1. Sum up the charges of everything whose Cβ sits under 13 Å from the Cβ of residue 191, counting Lys and Arg as +1 and Asp and Glu as -1, but leave residue 191 out.
2. Give the separation of the Cα centroids, region 275-327 to region 200-241, in Å.
3. Which value, to two decimals, describes the C-alpha radius of gyration of region 7-131 once divided by 2.2 N^0.38 Å?
4. In terms of the Cα gyration tensor, with a ≥ b ≥ c the square roots of its eigenvalues, is region 311-417 rounded because a/c is under 1.5, prolate because a/b exceeds b/c, or oblate?
5. Residue by residue, what Karplus-based ³J(HN,Hα) values in Hz, rounded to whole numbers, does region 204-211 have, using 6.51, -1.76 and 1.60 with θ = phi - 60° and x for Gly and Pro?
6. Give me the angle, in degrees from 0 to 90, between the Cα long axis of helix 379-390 and the longest principal axis of the Cα atoms of the chain, rounded to the nearest 10.
7. Just to check I understand the Karplus step: with θ = phi - 60° and J = 6.51 cos²θ - 1.76 cosθ + 1.60, what whole-Hz values come out for region 432-444, glycine and proline as x?
8. Could you give the length gained on full extension between residue 85 and residue 72, defined as 0.36 nm per residue of separation minus the Cα-Cα distance, in nm?
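We did not get these values from a lab; they are worked out from the coordinates using the rules stated. Model, not experiment: these values are computed from the prediction. Note that we place each Cβ from the backbone using ideal geometry, even for glycine, and neighbour counts take in every protein chain shown.
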Amino acid sequence: MTEAPRTAIVWFRQDLRLADNPALAHALARAERIIPVYIHAPQEQGEWPPGAASRWWLHESLVALDTQLQALGSRLILRFGPSRDALRGLLRETGAGLVCWNRLYEPAAIARDKALKAELRPHVEVTSFNAALLGEPWETVKGDGTPYRVFTPFWKTMNREGLPERRGPGPAPRALPPVDTALASLPVEDLGLQPVIDWAGGLRASWRPGEAGAWEALEAFMDEIAGYDEARDRPAMPGTSRLSPHLHFGEIGPVQVLHALTHHHGRDRPGVESYLRELGWREFAHHLLYHFPTTPTQPLDARFANFPWARDYEASLRAWQRGRTGIPIVDAGMRELWQTGWMHNRVRMLVASLLTKNLLVPWQEGARWFWDTLVDADLASNTLGWQWTAGCGADAAPYFRIFNPVTQGERFDPKGEYMRRFVPELAKLPDRYIHAPWLAPDHVLAAAGVRLGDNYPPSIVDLKTTRARALERFEEIKQRKE
């Protein structure tokens, strides 16, 4: 039997937690000394280094993790990349015989980690684990071994394989061995994650990054989950879990969420099964990214590779980004995103539909904007969401499904509470006009202090005619052979 190494390096990445952390647990079981390290190497993420909102979250989460580690007698070592150089340097400095990490599933990360294992394994023990998903992306496949492209059979297969009975979450360590004070570490401020101009006040007011914040969000959600099926579609209500950024950064894992919900409530409790399906969509997104690694920039449906998008769409894109389209629920969503780094999922579909189908702006433009502004920007989920709405991905929305943001607003925000919060210039409009202020009589607009074209823009798009235009172009795509 191989002699146990005395020192282990635990390389934290998007698993910024102590509980249910398989890499950390393995290192503690195998070694006497543990070196927790985070390596900042955005250049290794290819076209997708973290956006501005994600960088803010990462800074706060690293501070929270280091605070936890110090409370247990350890500390977090911070280094700049390249990861290869940083790990080799740490191996020389510590004499570690074991390197552990939890797996990532983005194409650039897979390639890097594969190369690192090949280089390091002749010299030290290297082990990786799954801490981010309920199952590995390659485990759930069709009977012929090919990947799924439709969610429902994918999720049925995962459930049939015993989803609730998968491994239980591991506990957090009660203490950790100290890290030699001579081992150098960067101050977190040196990573340059915080914005130079402090625009992040809305993010700080809306979120608590870190493992404790993740559990706080989960516990609050479990108290309200009985109303999830209805509240999840109401953007004015706190009806969703808001766990997505915590899951992305690994401050909590899906196994922990699954077990907390099923053991506290059971799967028969209203809302539980619906939310577990949302975890299933997250699994499906990673399944697709793993099997189709070009999809962050290329449509899965090859017929869309030469889709006739609009030309000279920069002005429309800019109005959409700023929440100045003149469509109130779309503008509310885009302003919520800018202020809080998040957007309600129902509204995400509406703003994406308007951009790709009414304005005919390429879905990649929307995906990149979300990538920079969302605190839960996740390459797998972001890609799935945008390709689904644009109609060019797996299990995509039918080409003829073009959301009408006015009727959607009337249905899911009937009193305009969401719009009044994020588009305050419309706050005094009566309920019947707040969804489409261009229909309001002049005296109603005047009484509400709304001046279209002055303090609120007129609609930049005619919903009816642009819907017809989109249907024509999508019908052409439908006739092509994939």
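1. Values: positive: 55, 79; negative: 60, 66, 189, 190.
After counting each charged neighbour, the total is -2.
2. Measuring centre to centre over Cα atoms gives 25 Å.
3. On the way: Rg = 13.8 Å, N = 125, 2.2 N^0.38 = 13.8 Å.
In units of the globular-protein estimate, region 7-131 measures up at 1.00.
4. Values: a/c = 1.24, a/b = 1.14, b/c = 1.09.
Judged from the Cα gyration tensor, region 311-417 comes out rounded (a/c under 1.5).
5. Listing the rounded values in order: 4, 6, 9, 9, 10, x, x, 4 Hz.
6. Tilt relative to the chain: about 20 degrees.
7. 5, 10, 5, 7, 8, x, 5, 8, 6, x, 4, 5, 5
8. Numbers: separation 13, 0.36 × 13 = 4.68 nm, distance 2.82 nm.
Taking residue 85 through residue 72 to full extension adds about 1.9 nm, to one decimal.
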